[in-house]
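For reference, the structure discussed in these notes is given below.
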Amino acid sequence: MPVQDPSTSRAVLIAVDDYVPADALGPTPGVKENVERLSAVLADPELLGLSREHCTVLRNPPDAATVLDAVYESAAAATGAFILYVAGFTLAAPRHPDLYFGLAGSSESRLYRALRFPDVAAIVRETGRATDRIVILDYCYDGQVPPVHSTGPGALEAVPGASVLAATAKDAKSWVPSGQRTTAFTGALIRAAETGAADAGDALDL
C-alpha cells in the first residue's frame with residue numbers, strides 16, 4: 001500500500017545524458033532508461049500510484065531555470081510526498097565548493113550554465129508542506145573534486161522529513177553493469193521497489 005496519498009504527492013525526475021562539450025562526454029548510458037523505469041514505478045498503484053500529470057520528467061533540460069521552475073511548482077503543490085531524482089554528471093572546480101550538475105553548454109569553466117545544487121536544496125527545504133521530501137542523486141563526478149562540498153547533499157540533513165540517497169561517495173563513479181540498461185544505483189532502487197527485500201516486511205524505510 002502507498003505510504004502517502006498519491007493525489008497529494010509529486011515527483012520531478014531529471015536526467016542529463018548528453019551535454020556540451022560532447023567530445024568530452026558522450027551520452028551517459030542508462031540515464032534515459034533510469035527515468036523511464038522510475039516513472040513507471042512511481043505510477044504503479046501498488047507503490048505510490050502517481051498520476052502522469054503529477055510526475056514531471058525533464059530529460060536534458062536546456063537550462064537551470066527550467067529545472068528550478070519545475071521543482072518549485074511540484075514542491076509547492078505537494079503535501080504528501082515530494083520526490084526529486086537527478087541523474088547525470090556533476091562538475092567540480094577547486095575554487096567552487098558547491099555541487100553542480102552538468103547541463104547543456106556547461107563545463108568547469110562555465111559553471112554558470114550548470115544546475116547549482118544549493119539552489120535546488122533551498123527549494124526543497126523552504127517550499128511547500130510535504131510530509132516526506134526525498135532527494136535521490138545518481139551521478140558521478142567529472143574532473144577534479146574539492147575535498148568537501150560545503151553545500152552538497154548534507155544541506156538537507158536538518159530538514160524534518162527529508163531524506164537524501166546518493167549513488168556514490170564524493171570521489172567515486174556511478175556505473176552501468178554489463179548487460180543492464182540502468183545504472184547500478186537506480187537499478188537497485190527499482191528492483192527493491194518492485195520486488196521488495198527479504199525480511200523487510202510490507203514497506204521499506206529509506
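The values are calculated or read from the model by the stated rules, or taken from the named source; none is laboratory data. If you're wondering where the values come from, they're calculated on a predicted model, not measured in any experiment. So basically every Cβ, Gly included, is an ideal-geometry build from the backbone, and we count neighbours across all protein chains shown. The area values use the complete protein model at the heavy-atom level, side chains included, leaving out ligands, DNA and RNA. Shrake-Rupley method; radii C 1.70, N 1.55, O 1.52, S 1.80 Å.
General remarks:
- So Gly105, is it part of a loop (DSSP other than H, G, I, E, B), touching a residue at least 12 places away in the same chain (Cβ under 8 Å) and open to solvent by less than 20 Å² (accessible area, probe 1.4 Å): yes
- Residues (assigned to a helix (DSSP H, G or I), out of contact with any Phe, Trp or Tyr (no Cβ under 9 Å at 6 or more places or on another chain), farther than 12 Å from Ile14 by Cβ and not acidic (Asp, Glu)) located in region 43-98: Ala43, Arg52, His54, Ala65, Tyr72, Ala76, Ala77
- Remark: pairs (first residue in region 180-192, within 17 Å of Ala203 (Cβ to Cβ); second residue open to solvent by 30 Å² or more (accessible area, probe 1.4 Å) and assigned to a helix (DSSP H, G or I); Cβ separation under 8 Å; 6+ apart in sequence or on different chains) = Ile190/Arg37.
- Sole residue being at pLDDT 80 or above and surrounded by fewer than 19 Cβ atoms within 10 Å (Cβ to Cβ), chosen from Pro118, Pro177: Pro118
- In the set Ala77, Ala70, Ala40, only one residue is out of contact with any Asp or Glu (no Cβ under 6 Å at 6 or more places or on another chain), farther than 24 Å from Ala122 by Cα and at pLDDT 85 or above; that residue is Ala40.
- If only residues of region 46-96 that are in contact (Cβ under 8 Å) with a residue 60 or more places away in the chain and aromatic (Phe, Trp, Tyr) are counted, the one that is most open to solvent (accessible area, probe 1.4 Å) is Phe89.
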